[in-house]
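What follows is a set of notes on a single structure, which appears directly below.
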């Protein structure tokens, strides 16, 4: 089976197909929407409204890229089931989430409702679909119980979570595995016609992210106001990756699941090379260099809420089974991100499409 992420490969899989995309108004969702539209898919989005007027979805005029856009809550089980059932998609990409660690501390119950219960709602709604459907459920690299020993996590490592966000996503993984075994068991695919996989990636950066408590967004905001960037955790190491890396992985996984719905109905890590490690401070330096402005200072606080300082993924399974591996090293990912924000001469959609075409 072909194992190369190419435009032609993905167009064969998605052109003319119906794709149900949750979280389409978010940062990753807006990038995913543009790629799917570019590939010729008919996308029905289901998400809350963008949080800010300058969010990427509004900047790219996302409504015009959708077959239809439904502004609704993933926790509204009945609404979700109705909208999914009306569409009868070929593919479901479930990106809708409460994605912020610090917000998870502020709103723990809500975080569990959206990330764990919302995932259960999505999978339960898929049970009502009459036809064959591929479902790629997006979680995070933070689903693993992390003792911070410096070893990359593999898909069969223990799940867990110190903070509410991480725990909610680990809970979502348990929900996914339960539905896959109970209702969408690969051994009974001929009966139910559903192929379900979990995709784990994190610490995504890229142009158009305006979320609170994310390092790139903090840098851009500080520079725009002529302020010094304050780093909460300058020594923390993360597997930084450009947003196009995991999105290409999700799309490749979905395409291969459509061809072999039994073999690929499992969990996959999608991360950069574990040797390609940069701290938050390193990222800030590289970003400022390519943006052409800015300064920073250490604002770490020993009393701050816990956030993992070291987190690495082993993506060998994705490489061996899907033929996927990271294309952009961390410094290049940061450069592309800085150049996106620094470019004041093109629209957000033009900047995204330029990088999408360059990536593929």
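Applying the Kirkwood pairwise sum to the alpha-carbon positions of segment 101-167 produces a hydrodynamic radius of 13.8 angstrom. Between residue 298 and residue 342, the C-beta separation translates, for a Förster distance of 35 Å, into a calculated FRET efficiency of about 0.90. Length available on full extension from residue 228 to residue 327: 0.36 nm per residue minus the Cα-Cα distance, which gives 32.5 nm. Per-residue ellipticity at 222 nm, computed for the chain from helices alone with -39500 (n - 2.57) per DSSP H run of at least four residues, works out to -12000 deg cm²/dmol. Computed from the Cα positions only, the extents of segment 102-213 along the three principal axes stand at 43, 30, 30 Å, in decreasing order. Stretching the chain fully between residue 259 and residue 185 yields a gain of 25.0 nm (0.36 nm per residue, less the alpha carbon separation). Ranked by how many other Cβ atoms sit within 10 Å of their own Cβ, fewest first, the residues 259, 83 fall in the order 259, 83.
Both the radius of gyration and Dmax for segment 7-359 are 19.2, 60 Å, in that order, over alpha-carbon atoms. The Cα trace of segment 245-294 gives Rg and Dmax of 17.1, 50 Å, the first to one decimal, the second as a whole number. Across the chain, the relative contact order, built from alpha-carbon pairs under 8 Å that are at least six residues apart, equals 18 percent.
Contact order for segment 139-192, expressed relative to its length and based on alpha carbon pairs under 8 Å spaced 6+ residues apart, stands at 33 percent. Going from the fewest other Cβ atoms within 10 Å to the most, the residues 356, 74 appear in the order 356, 74. For a modelled paramagnetic label at residue 71, 7 Å from Cα along Cα-to-Cβ, the residues of segment 11-27 in reach, with backbone nitrogen under 15 Å, are 23-26.
Distance between the modelled labels on residue 106 and residue 211, one decimal in nanometres: 1.4 nm (7 Å Cα→Cβ projection). Normalising the average separation of contacting C-alpha pairs (under 8 angstrom, six or more residues apart) by the number of residues puts the relative contact order of segment 21-158 at 24 percent.
Could you calculate the FRET efficiency of residue 273 with residue 354 from 1/(1 + (r/R0)^6), where r is the beta carbon distance between them and R0 is 35 Å, rounded to 0.05? The pair residue 273/residue 354 has a calculated efficiency of 0.90.
Coordinate-derived values only; no laboratory data. Note that the coordinates shown come from a computational prediction; the quantities given were computed from them, not determined experimentally. Glycine also receives a Cβ, built like all others from the backbone with ideal geometry; neighbour counts cover every protein chain displayed.
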